[in-house]
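The values are calculated or read from the model by the stated rules, or taken from the named source; none is laboratory data. None of the values given here were measured: they were computed from a predicted structure. Counting neighbours? That spans all protein chains shown, and the Cβs are built from the backbone with ideal geometry, glycine included. To get the accessible areas, we keep the full protein, side chains included, count just its heavy atoms, and leave off ligands, DNA and RNA. Shrake-Rupley method; radii C 1.70, N 1.55, O 1.52, S 1.80 Å.
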Amino acid sequence: MSDNKNKLVSMEDIVSLCKRRGFIFQGSEIYGGLSGTYDYGPLGVQLKRNLIDLWWKMFVEEREDMYGLDAAILMNQKTWVASGHVDTFNDPLIEDIETKQRYRLDHLLEDNGVDSEGMTLEQMANTVKEKDIKSPSGNKLGNAAQFNLMFKTQIGPVDDESSTSYLRPETAQGIFVNFKNVVDTFYPDLPFGIGQVGKAFRNEISPRDFIFRLREMEQMEVEYFVQPSVWEDAFEDWRNTINNFYEVLGLPKSKIVEHEIGDEDRAHYSKRTIDFEYEFPFGRKELMGLAYRTDYDLSKHQEYSGKNLEYRRKDGGEAFVPHVIEPSMGVERLVLAVLHSAYTEDEVNGEKRVYLKLPANIAPVKVAVSPLLKNKPELVEKAREVYKMLKKEIGNVMWDDNGNIGKRYRRQDEIGTPYCVVIDFDTLEGEKEGTVTVRNRDTTEQKRVNIAELAEFTDQN
Ligand code: ATP
């Protein structure tokens, strides 16, 4: 068996596996799709849930200084004025003057070999003119403009300015507006943080690269409140947690780059930002961000809401607006990175095979159970018994009696199932009675294991 991990895994490999095996489908597919949306199939939803659960465990549950939250997606419109999203949550856009198709200007420049980091809209527009850059359809481009990425919506039956709000473009603001609620109900000592997982929406000008750039996505965010004097320690602490998380997910260190964002490219309120980038098949791109946001957000909400958002120290010291460290992660980009890093091709008995080398704790199916032959009632009956027992003990166990045993192994390999359990005639009688074959996904090695020890074996090996 030779592992061919050096093969360049393409987006085509991943997209086709996701569709073929029921991980991820195009959104609204039977109607021709809806750009920037994807639906998670039975395996995708389980993988995503496992990632979120692990994040919640490592970023919230296991820590003494973290609180959980689940705020509403729809928020009072003043939230988005205060946060600056109404005025500045823009991306630069440019239009093909023939087809009227709109493109994200910085991406178009990047596709034409121009690094637009730090450029103003005007500078980008001038570059298009100077270099005579055309649209992807080969046509002339029109004027550049800023485009606000928030989805506007009307709340309630009256259609006027006062009923306007937005689908939240990030979960973070739900945390800031609940800062006072958490302080008033739990009296936490500083530093402490609030974590939240939830949907966010951005009307991206050109969604692309499968689930990398979406219009509807999910975020896992922490706002960690600190005294300004200790922000550097908290920043380093979260940086370590992020790296530990990636290690547990099996993301190779060699594929992750910490990109320190320079002064000119950082949001004006941020004193330090690191983008964690991953080597995707379409280039090295942002997986998540870690930012020191100073006291900007709470101060803005204090100003716009008129509510006091200062933290009163228990020792009677002076009240102040806490500063914030924010690790902000997109679930879908993580799913994509995890699938990409797990995708492996090797050769077994001279035949090519594809398998997902997922860590067992995030694999959507932990164990698959099969009768060796599906037309032998005595094998099926015993296999059902084992299946039911494991399902109760482990949960994510799949019944698989489709095709011959070789095909079942291939299928389970492709979805990343760490163990396949097969019930054969030896299980029923003879000296191996009460044992089954357990096949390991990565090594393809098979072992006989006692039925009574199966749950423990698949949990520990
Ligand atoms: P980008 O520069 O790639 O548009 P961003 O810097 O605007 O991303 P943030 O506002 O920092 O992203 O959002 C935090 C995280 O949310 C990102 O690191 C990413 O993981 C995720 N995210 C943001 N926008 C999208 C999107 N359109 N589709 C999927 N995930 C996204």
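Structural remarks
- Verdict on Ala383 being open to solvent by less than 50 Å² (accessible area, probe 1.4 Å), out of contact with any strand residue (DSSP E or B) (no Cβ under 7 Å at 6 or more places or on another chain) and assigned to a helix (DSSP H, G or I): no
- Which listed residue is among the aromatic types (Phe, Trp, Tyr) and surrounded by fewer than 18 Cβ atoms within 10 Å (Cβ to Cβ), from Tyr224, Tyr269: Tyr269
- Of all the residues in segment 314-330, those that are closer than 18 Å to Val230 by Cβ and either among the polar types (S, T, N, Q) or touching a strand residue (DSSP E or B) at 6+ places or on another chain (Cβ under 8 Å) (or both) number 9.
- Among the residues of segment 171-205, those identified as aliphatic (A, V, I, L, M), open to solvent by 10 Å² or more (accessible area, probe 1.4 Å) and within 16 Å of the ligand (Cβ to nearest atom) are Val197, Ile205.
- Residue identified as of a type in the set (Lys, Arg) and either crowded, with 16+ Cβ neighbours inside 10 Å or closer than 30 Å to His323 by Cβ (or both) among Arg208, Arg168: Arg168
- For segment 420-440, the tally of residues that are in contact with a Leu (Cβ under 9 Å, 6 or more places away or on another chain) and not in a loop (DSSP other than H, G, I, E, B) stands at 9.
- Identity of the residue in segment 227-242, surrounded by 15 or more Cβ atoms within 10 Å (Cβ to Cβ) and closer than 20 Å to Glu286 by Cβ, that ends up nearest to the chain's Cα centre (by Cα): Ile242
- Each residue in segment 220-240 was checked for being in contact (Cβ under 8 Å) with a residue 12 or more places away in the chain, away from the ligand (no atom under 16 Å from the Cβ) and of a type outside the set (Gly, Ala, Ser), and 6 of them qualify.
- If only residues of segment 324-349 that are away from the ligand (no atom under 14 Å from the Cβ) and among the hydroxyl-bearing types (Ser, Thr, Tyr) are counted, the one that is farthest from the chain's Cα centre (by Cα) is Thr344.
- Filtered by the rule that a residue be closer than 25 Å to Asp87 by Cβ and more than 13 Å from the ligand (Cβ to nearest atom), segment 258-296 gives Gly262, Asp263, Glu264, His268, Tyr269, Lys271, Arg272, Tyr292, Thr294, Asp295, Tyr296.
- Residue in segment 297-320 that is nearest to the ligand (Cβ to nearest atom), counting only those that are open to solvent by less than 20 Å² (accessible area, probe 1.4 Å) and over 21 Å from Asp233 (Cα atoms): His301
- Residues that are away from the ligand (no atom under 16 Å from the Cβ), closer than 28 Å to Asp209 by Cα and of a type in the set (Asp, Glu) are absent from segment 39-49.
- Any hit, segment 23-37, residues being more than 15 Å from the chain's Cα centre (by Cα), over 24 Å from Asn203 (Cβ atoms) and either in a loop (DSSP other than H, G, I, E, B) or modelled with pLDDT of 95 or more (or both): no
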